[in-house]
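What follows draws every value from the coordinates through simple rules; no lab data is involved. None of these values were measured; they are calculated from a predicted model. Note that each Cβ is placed from the backbone with ideal geometry, even for glycine, and that neighbours are counted across all protein chains shown.
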Amino acid sequence: MPLVKRRFYVNCSHDECVEIIQRVSEKLPSIDTVEYEVREDGMLIEMYGYSTDIKKAWAVIKEYFKRSGRPGGKGLVKYSLKSLARQTGKTFPPMVLVKLLGLKGFKASYSSMDEAIYTDAGLDVLMDLINRIDAAVALVRDRVKGTAGKYYLTTLIVATGLGLEDIVSESLRLGHLTINEMNGLLSLAVEWDKGVDEFIKKYRVSSS
């Protein structure tokens, strides 16, 4: 059986992330390599091993969220990317959608293995965000180099409601973006999701 590598992004608090790491480690010690990167609003997981073991690990993670839902809240629902694209008529970066759901207070995770998003948000919330993501992507497409830069600007446009030029101006001031004087293209100088968190923290403080 061939070895495979899979990536997952899980929206979780620090304590939830730590508990997930412990559960996966206890139940599936046979996976060759598992790398966890705990971030401010979630965790990136990279697994390398047999596909059957990785599927079991993902099942452990999903079961954890089913059992630890917010009091009175809904369980997680699986939304396939194909289904969402078909319903909206738009393609979208799933990592950006997961990030925005987390910023809105929902639980959300993305599985590249399932090509699906798991969240406790309703379909109406996803449809609205996907439409707004699509509009934002059109604005940033020719302004910034690289996928991460597009994720950064797209997420901030949708999350803050600010105009692109306001976000660019503040991002340059924060050192998140640099500008190429030759062609005028912007480049991202930080990790996109961490940059988003820092920007929003400062934005909320200045707006309060």
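Once both axes come from the Cα atoms, what is the angle between helix 51-67 and the longest principal axis of the chain, in degrees from 0 to 90, rounded to 10?
For 51-67 against the chain, the angle is about 80 degrees.
Quick one: putting +1 on the C-beta of Lys and Arg, -1 on the C-beta of Asp and Glu, what dipole do you get for the chain around its Cα centre, in Debye to the nearest 20?
Working: 30 positive and 27 negative charges, 120 e Å.
That gives the chain a dipole magnitude of about 580 debye.
Please name whichever of Thr154, Ile31, Ala57 sits farthest to the positive end of the charge dipole of the chain, dipole taken about the Cα centre and charges placed at Cβ: Lys and Arg +1, Asp and Glu -1.
Ranked along the dipole, the leading option is Ala57.
Charges at C-beta only: +1 for Lys and Arg, -1 for Asp and Glu. How large is the resulting dipole of the stretch 3-122 about its Cα centre, in Debye rounded to 20?
640
Calculate, for Lys104 and Glu35, the FRET efficiency according to 1/(1 + (r/R0)^6) with r their C-beta to C-beta distance and R0 22 Å; round to the nearest 0.05.
0.20
Compute the acute angle (0 to 90°) between the alpha-carbon long axis of helix 147-160 and the principal axis of greatest extent of the alpha-carbon atoms of the chain; round to the nearest 10°.
The two axes meet at around 80 degrees.
Label-point separation (nm) for Val18 and Val4, each offset 7 Å from Cα along Cα-to-Cβ?
Here the answer is 3.3 nm between the modelled labels.
For Leu174 and Glu46, calculate 0.36 nm times their separation in residues minus their Cα-Cα distance, and state this gained length in nm to one decimal.
Length difference between fully extended and current span is 43.1 nm.
To the nearest 10 degrees, how steeply does helix 123-140 sit against the main Cα axis of the chain, on a 0 to 90 scale?
40
So if I place +1 on the C-beta of Lys and Arg and -1 on the C-beta of Asp and Glu, and nothing else carries charge, what would the dipole magnitude of the stretch 141-207 be about its Cα centre? I want it in debye, nearest 20.
80
If you consider only alpha-carbon coordinates, what radius of gyration and Dmax does the stretch 141-207 have, in Å?
11.0, 35
In the chain, which longest range has no GluC sites (Glu not before Pro) that are both DSSP loop (not H, G, I, E or B) and surrounded by at most 13 other Cβ atoms within 10 Å?
On the way: sites that count: Glu40, Glu115, Glu181.
Counting only loop sites that pass the neighbour cut-off, the longest clear stretch is 41-114.
Semi-axes of the equivalent ellipsoid for the chain, please: Cα gyration tensor eigenvalues, times 5, square-rooted, ordered largest first, whole Å.
Ellipsoid semi-axes (Å, largest first): 31, 19, 17.
Taking a 32 Å limit on the Cα-Cα distance, which of the listed pairs Lys5/Lys107; Lys5/Lys201; Lys56/Lys107 fall beyond it?
As for pairs spanning more than 32 Å Cα to Cα, those are Lys5/Lys201.
Express in nm, to one decimal, how much length is gained between Ile200 and Asn183 on full extension, taking 0.36 nm for each residue of separation and deducting their alpha carbon distance.
Taking Ile200 through Asn183 to full extension adds about 3.3 nm, to one decimal.
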